[in-house]
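Here is the structure we will look at, set down as structure tokens.
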Amino acid sequence: MARKPFFHAPLRHSAVMHRRTRRQLQHWPAPVRGMLWMVAGGLCFSFLNTLARVLSQQLDVYQAQFLRYLLGLIVMLPLVWRHGLQAYRPVNVAGQFWRGAVHTLGLILWFTALPRIPLADMTAIGFTGPIFIMIGAAWFLGEPMRRDRWVAALIGFAGVLVVVLPKMTGAGGWYNLVMLASSPVFAASFLITKALTRYEKPGVIVLWQALTVTVLSLPMALPHWQQPSAAQWAGFAITGVLGSLGHYCLTRAFHTADISATQSLRFLDLVWASLLGWLVFADVPSSSTWAGALVILLSTVWIARRESRR
């Protein structure tokens with residue numbers, strides 16, 4: 001009788017735990033599951049933003065944008081190989097390219113400002129996005145705009161103002177406005193994503209976003225190309241994994257619940273960004289940061305309880 005490898009039992013135990021956890025989560029309310037996907041995506045993007053800021057300070061920002069999505073595309077190729085090209089064929093190719101073009105425009109603005117403003121401020125400015133998303137979800141997607149969702153979003157945004165206003169001294173110059181301009185563009189990209197989830201699989205959306213953004217970013221990366229070091233290539237590989245995983249989590253969140261129901265959870269990203277900014281860039285979180293984070297946390301817990309009861 002053939003002897004099984006020593007790692008067979010741990011792998012089998014892990015698979016059993018994964019199936020058991022997945023079955024338990026399926027019994028949770030859809031809004032709560034959507035919120036959990038949103039939190040997971042926010043954690044991925046917080047680590048990604050930290051690493052991307054480091055890399056964009058070392059290389060041209062548009063080259064950093066291109067390599068981040070190129071590596072994101074490469075890390076997904078094993079999945080394409082395993083499941084076959086047919087599994088990733090989109091229903092609406094034009095919609096995928098529209099989404100990629102809009103997202104690329106937002107990335108151009110975002111990467112332009114990223115190396116020049118603090119990580120916590122960048123994250124906080126980006127939190128104007130949920131307001132645009134909630135308005136767009138009501139106007140273009142027909143989602144019900146319940147009062148408690150607006151209240152949670154506005155309370156969370158007030159927490160962002162508690163963090164940002166004491167720091168908006170003009171140190172970032174016009175780059176603060178550039179970062180602010182990216183928010184409605186990203187909101188449009190996420191609304192297109194929500195529309196695509198009605199008939200596209202999450203994996204298809206994530207793969208085609210990586211493909212379209214890579215193609216559209218290449219012309220901007222070539223003029224100031226520098227050969228990345230081995231460490232930088234490894235960094236971009238990590239951003240590729242984090243980016244693909246983060247976009248998958250967001251897509252699953254949009255697929256599971258109303259997009260407006262998940263937006264208050266995005267304000268938790270400010271907590272992660274403040275901690276990472278302190279650890280990596282020695283940006284010590286101020287008292288206003290912690291006060292704002294507390295306001296954000298309270299609004300998040302409140303709307304989560306409301307959505308679970310609903």
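The values are calculated or read from the model by the stated rules, or taken from the named source; none is laboratory data. Since this is a predicted model, take the numbers as computed values, not measurements. Note: ideal-geometry Cβ built from the backbone for every residue, glycine included; neighbour counts use all protein chains shown. When the accessible area is computed, the model is the full protein with side chains, heavy atoms only, and any ligands, DNA or RNA have been set aside. Shrake-Rupley method; radii C 1.70, N 1.55, O 1.52, S 1.80 Å.
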Filter result (modelled with pLDDT of 70 or more and not in a loop (DSSP other than H, G, I, E, B)) within region 167-179: TYR175, ASN176, LEU177, VAL178, MET179
With (1) at pLDDT below 85; (2) over 21 Å from LEU119 (Cβ atoms); (3) open to solvent by 30 Å² or more (accessible area, probe 1.4 Å) as the list, and GLU143 as the residue in question, which single condition is left unmet? (3)
Residues that are β-branched (Val, Ile, Thr) and farther than 18 Å from MET76 by Cα, drawn from region 195-228: THR197
Scan ILE133, ILE125 and give me the residue that is part of a helix (DSSP H, G or I), buried (at least 21 other Cβ atoms within 10 Å of the Cβ), in contact (Cβ under 8 Å) with a residue 60 or more places away in the chain and of a type in the set (Val, Ile, Thr). ILE133
Take the residues in region 46-81 that are open to solvent by less than 40 Å² (accessible area, probe 1.4 Å) and among the aromatic types (Phe, Trp, Tyr), then tell me which one is modelled with the highest pLDDT. PHE66
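Could you identify the single residue in GLY84, GLY95 that is surrounded by fewer than 21 Cβ atoms within 10 Å (Cβ to Cβ) and either polar (S, T, N, Q) or without any contact (Cβ under 8 Å) to a residue 12 or more places away in the chain (or both)? Give the derivation first.
Details: GLY95 fails: either polar (S, T, N, Q) or without any contact (Cβ under 8 Å) to a residue 12 or more places away in the chain (or both).
Criteria check complete, one pass: GLY84.
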Please return the ranges of helices (runs of 4 or more DSSP H) entirely within region 197-310 where 2 or more residues are open to solvent by 20 Å² or more (accessible area, probe 1.4 Å) and at pLDDT 90 or above. 202-221, 230-256
